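Data first, discussion second: the structure below is written as C-alpha coordinates.
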Amino acid sequence: MSMERYIRLIAGTFILASLALGYWASPWFFLFTAFVGANLLQSSLTKWCLMEDILGKFGLKRCDEQRPAAPRDLQDHRCETQSRISGLRRSQAKCIGDISEVM
(Lines give C-alpha, C1' and ligand atoms only; values in the text may rest on other atoms or scores of the structure.)
Protein backbone atom coordinates (compact mmCIF):
# COMPACT_ATOMS: atom_id res chain seq x y z
CA MET A 1 0.00 0.00 0.00
CA SER A 2 1.33 3.45 -0.86
CA MET A 3 2.06 6.16 1.69
CA GLU A 4 -0.81 8.25 0.32
CA ARG A 5 -3.26 5.46 1.07
CA TYR A 6 -1.84 5.03 4.58
CA ILE A 7 -2.30 8.76 5.20
CA ARG A 8 -5.91 8.61 4.01
CA LEU A 9 -6.54 5.54 6.18
CA ILE A 10 -5.06 7.18 9.27
CA ALA A 11 -6.87 10.50 8.70
CA GLY A 12 -10.20 8.74 8.19
CA THR A 13 -9.68 6.63 11.30
CA PHE A 14 -8.78 9.71 13.38
CA ILE A 15 -11.84 11.59 12.15
CA LEU A 16 -14.27 8.74 12.80
CA ALA A 17 -12.75 7.98 16.21
CA SER A 18 -12.83 11.62 17.30
CA LEU A 19 -16.43 12.00 16.11
CA ALA A 20 -17.45 8.94 18.13
CA LEU A 21 -15.55 10.16 21.19
CA GLY A 22 -17.05 13.61 20.79
CA TYR A 23 -20.55 12.17 20.70
CA TRP A 24 -20.21 9.64 23.52
CA ALA A 25 -17.38 10.93 25.77
CA SER A 26 -16.86 14.69 25.54
CA PRO A 27 -17.62 17.39 22.96
CA TRP A 28 -14.00 18.55 23.31
CA PHE A 29 -12.97 15.68 21.05
CA PHE A 30 -14.59 17.57 18.14
CA LEU A 31 -11.57 19.87 18.30
CA PHE A 32 -9.39 16.94 17.27
CA THR A 33 -11.67 16.41 14.26
CA ALA A 34 -11.17 20.07 13.36
CA PHE A 35 -7.40 19.69 13.80
CA VAL A 36 -7.27 16.74 11.39
CA GLY A 37 -9.37 18.64 8.85
CA ALA A 38 -7.16 21.72 9.17
CA ASN A 39 -4.05 19.56 8.73
CA LEU A 40 -5.50 18.01 5.55
CA LEU A 41 -6.30 21.49 4.21
CA GLN A 42 -2.82 22.78 5.12
CA SER A 43 -1.09 19.79 3.51
CA SER A 44 -3.02 20.28 0.27
CA LEU A 45 -1.88 23.91 0.07
CA THR A 46 1.75 23.54 1.20
CA LYS A 47 2.47 19.98 -0.04
CA TRP A 48 3.91 19.16 3.42
CA CYS A 49 2.30 16.69 5.78
CA LEU A 50 3.52 15.79 9.25
CA MET A 51 2.06 12.28 8.98
CA GLU A 52 4.11 11.75 5.81
CA ASP A 53 7.28 12.59 7.76
CA ILE A 54 6.25 10.26 10.60
CA LEU A 55 5.54 7.37 8.22
CA GLY A 56 8.85 8.07 6.46
CA LYS A 57 10.65 7.56 9.76
CA PHE A 58 8.96 4.16 10.00
CA GLY A 59 10.51 3.22 6.65
CA LEU A 60 7.65 3.80 4.22
CA LYS A 61 8.77 5.30 0.95
CA ARG A 62 7.19 8.51 -0.22
CA CYS A 63 4.95 8.40 -3.26
CA ASP A 64 7.53 10.11 -5.47
CA GLU A 65 10.22 7.62 -4.37
CA GLN A 66 8.21 4.56 -5.33
CA ARG A 67 8.70 3.12 -8.76
CA PRO A 68 5.79 1.00 -9.83
CA ALA A 69 7.26 -2.26 -11.05
CA ALA A 70 5.35 -4.40 -13.46
CA PRO A 71 3.74 -7.30 -11.65
CA ARG A 72 5.23 -10.72 -12.29
CA ASP A 73 2.07 -11.85 -14.06
CA LEU A 74 2.31 -8.91 -16.44
CA GLN A 75 5.96 -9.63 -17.20
CA ASP A 76 5.14 -13.27 -17.90
CA HIS A 77 2.24 -12.17 -20.09
CA ARG A 78 4.57 -9.91 -22.11
CA CYS A 79 7.05 -12.74 -22.68
CA GLU A 80 4.26 -15.10 -23.64
CA THR A 81 2.79 -12.56 -26.06
CA GLN A 82 6.18 -11.91 -27.66
CA SER A 83 6.76 -15.62 -28.17
CA ARG A 84 3.31 -15.98 -29.73
CA ILE A 85 4.05 -13.10 -32.08
CA SER A 86 7.37 -14.71 -33.07
CA GLY A 87 5.57 -18.01 -33.68
CA LEU A 88 2.96 -16.29 -35.84
CA ARG A 89 5.65 -14.59 -37.89
CA ARG A 90 7.35 -17.91 -38.49
CA SER A 91 4.10 -19.59 -39.47
CA GLN A 92 3.22 -16.68 -41.79
CA ALA A 93 6.62 -16.92 -43.43
CA LYS A 94 6.12 -20.66 -43.85
CA CYS A 95 2.70 -20.09 -45.44
CA ILE A 96 4.11 -17.49 -47.80
CA GLY A 97 6.89 -19.90 -48.72
CA ASP A 98 4.36 -22.67 -49.38
CA ILE A 99 2.25 -20.37 -51.56
CA SER A 100 5.26 -19.24 -53.60
CA GLU A 101 6.23 -22.87 -54.22
CA VAL A 102 2.75 -23.60 -55.60
CA MET A 103 2.84 -20.65 -57.97
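This table checks each residue for (1) under 22 Å from Met3 (Cα atoms); (2) among the aromatic types (Phe, Trp, Tyr); (3) modelled with pLDDT of 90 or more; (4) touching a strand residue (DSSP E or B) at 6+ places or on another chain (Cβ under 8 Å).
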{"residue": "Phe14", "(1), (2), (3), (4)": "yes, yes, yes, no"}
{"residue": "Ala38", "(1), (2), (3), (4)": "yes, no, yes, no"}
{"residue": "Gln42", "(1), (2), (3), (4)": "yes, no, yes, no"}
{"residue": "Trp48", "(1), (2), (3), (4)": "yes, yes, yes, no"}
{"residue": "Ala69", "(1), (2), (3), (4)": "yes, no, no, no"}
{"residue": "Thr81", "(1), (2), (3), (4)": "no, no, no, no"}
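Which of the residues that make up the stretch 16-36 are in contact with a helix residue (DSSP H, G or I) (Cβ under 8 Å, 6 or more places away or on another chain) and closer than 23 Å to Lys57 by Cα? If you could, list the steps in order and put the result at the bottom.
Of the residues in the stretch 16-36, the ones in contact with a helix residue (DSSP H, G or I) (Cβ under 8 Å, 6 or more places away or on another chain) are 18-19, 21-22, 28-30, 32-33, 36.
Of everything in the stretch 16-36, just one residue is in contact with a helix residue (DSSP H, G or I) (Cβ under 8 Å, 6 or more places away or on another chain) and closer than 23 Å to Lys57 by Cα, namely Val36.
The values are calculated or read from the model by the stated rules, or taken from the named source; none is laboratory data. Everything numeric here is computed off the predicted structure, so don't read it as measured data. Here Cβ is always computed from backbone atoms with ideal geometry, including for glycine, and neighbour counts include all displayed protein chains.
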